[in-house]
Amino acid sequence: MEVVIVPDAAAGGELIAEALATLVRRKPEALLGVATGSTPLPVYEALAAKVRAGEVDASRARICQLDEYVGLPAGHPESYRSVVLREVVEPLGLDESAFMGPDGTAEDVQAACEAYDRALREAGGVDLQLLGIGTDGHIGFNEPCSSLASRTRIKTLTQQTREDNARFFDSLDEVPHHVITQGIGTILEARHLVLLATGEGKADAVAQAVEGPVAALVPASALQLHPHATVVVDEAAAGKLKLAEYFRATYAAKPEWQGL
Ligand code: PGA
């Protein structure tokens, strides 16, 4: 796993946006897996700026979703489908047809989960999956003790995650209890995993994921099993890494042409 320590969230956003742009220049129809939450927003802003500036043509790129609430009415502004369309698909100038995600309104949730795993496979697999990390170490909505081999399925959110996400809703009561999430096994099939974490509140989760044992208790530790995983952290989120100096020195000495 490569760990890159950046000065702040904007620098992390720029670095990952450049990695996405490089991928799309090499593979214009790349399938980009995106995450929701506050952390990845600087990535989407930086990538959209590159598209507007003509630095990259993303018109053939495809976007897929990591997870989704179950039970929000179709078109709810905080459904992750709405969020990804608003924050990623539209700013990149893409059409809704470039987007795929699980159906959180399906009556048969299990069938919707299986259909999404199938759709990802049939689309050729995810080229780069962007991930955030929960304060409890989750990736996607794979809460602690999710199977490391899990596929896309329904999960129940922890109270901590519901409280963390309540800021997007009018009250805690409105935050759904159930979600659909790509499983950890599904996520590990992406060709490149890039996890971004910013802020002191993520420092414990980052240290456990990067330097702790691989454990279902810390779902993000599954990145240790992936042959191409990159963890981008700002100084605050890197605050509890024992090997921070080694990670800094390694990245400083990395040839620029290698990218992420
Ligand atoms: P956040 O969410 O970026 O809003 O902190 C991260 C996550 O829960 O994966």
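Read-outs: derived from the displayed coordinates by stated rules, not from any lab. All of these numbers come straight from a predicted model, not from anything done at the bench. Note that each Cβ is placed from the backbone with ideal geometry, even for glycine, and that neighbours are counted across all protein chains shown.
When peptides 193-200, 44-51 are ranked by their average number of other Cβ atoms within 10 Å per residue, the highest-first order is 193-200, 44-51. The trypsin sites (Lys or Arg not before Pro) of the stretch 118-203 include none that meets both conditions, a loop assignment by DSSP and at most 10 other Cβ atoms within 10 Å of the site Cβ.
Projected onto the charge dipole of the chain (+1 at Lys/Arg Cβ, -1 at Asp/Glu Cβ, origin at the Cα centre), which of 134, 227, 199 gives the Cα projection farthest towards the positive end? The Cα lying farthest towards the positive end belongs to 227. Close Lys pairs in the chain (alpha-carbon distance under 27 Å; sequence gap of 8 or more, or different chains): 9. Between residue 90 and residue 178, the modelled label-to-label distance comes to 2.9 nm, taking each label 7 Å out from Cα in the direction of the beta carbon. Extending each Cα 7 Å along its Cβ direction at residue 119 and residue 135, get the distance between those two points in nm, one decimal. Going by the 7 Å Cα→Cβ label model, 3.2 nm. Neighbours of residue 14, meaning other residues whose beta-carbon lies under 11 angstrom from its beta-carbon, give a summed charge of -2 when Lys and Arg score +1 and Asp and Glu score -1. Simple point charges give the picture: +1 on the Cβ of Lys and Arg, -1 on the Cβ of Asp and Glu, and for the stretch 147-213 a dipole about the Cα centre of about 400 debye. For the stretch 2-254, what D do you get in µm² per second when you plug the Kirkwood radius from alpha-carbon pairs into Stokes-Einstein at 25 °C and 0.890 mPa s? In µm²/s, the coefficient rounds to 135.
Entry note, the chain: relative contact order of 24 percent, from Cα contacts under 8 Å with a spacing of 6+ residues. Sorting 52-58, 217-223 by average packing, meaning the other beta carbons within 10 Å per residue, from highest down gives 217-223, 52-58.
Which one of 56, 44, 101 is farthest out on the positive end of the charge dipole of the stretch 38-102, using unit charges on Cβ (Lys, Arg +1; Asp, Glu -1) and the Cα centre as origin? Farthest along the dipole direction, towards plus: 56.
So the label point goes 7 Å from the Cα of residue 245 along Cα→C-beta, right? Which residues of the stretch 199-226 then have their backbone N under 20 Å from it? It comes to 207, 211-212, nothing else. Using only alpha-carbon positions in the stretch 79-156, the gyration tensor eigenvalues give semi-axes of 22, 17, 13 Å once each is multiplied by 5 and square-rooted (largest first). Pull out a ≥ b ≥ c, the square roots of the eigenvalues of the alpha-carbon gyration tensor of the stretch 136-216, then state rounded if a/c is under 1.5, prolate if not and a/b is larger than b/c, and oblate in the remaining case. Since a/c reaches 1.5 but b/c is at least a/b, the shape of the stretch 136-216 is classed as oblate.
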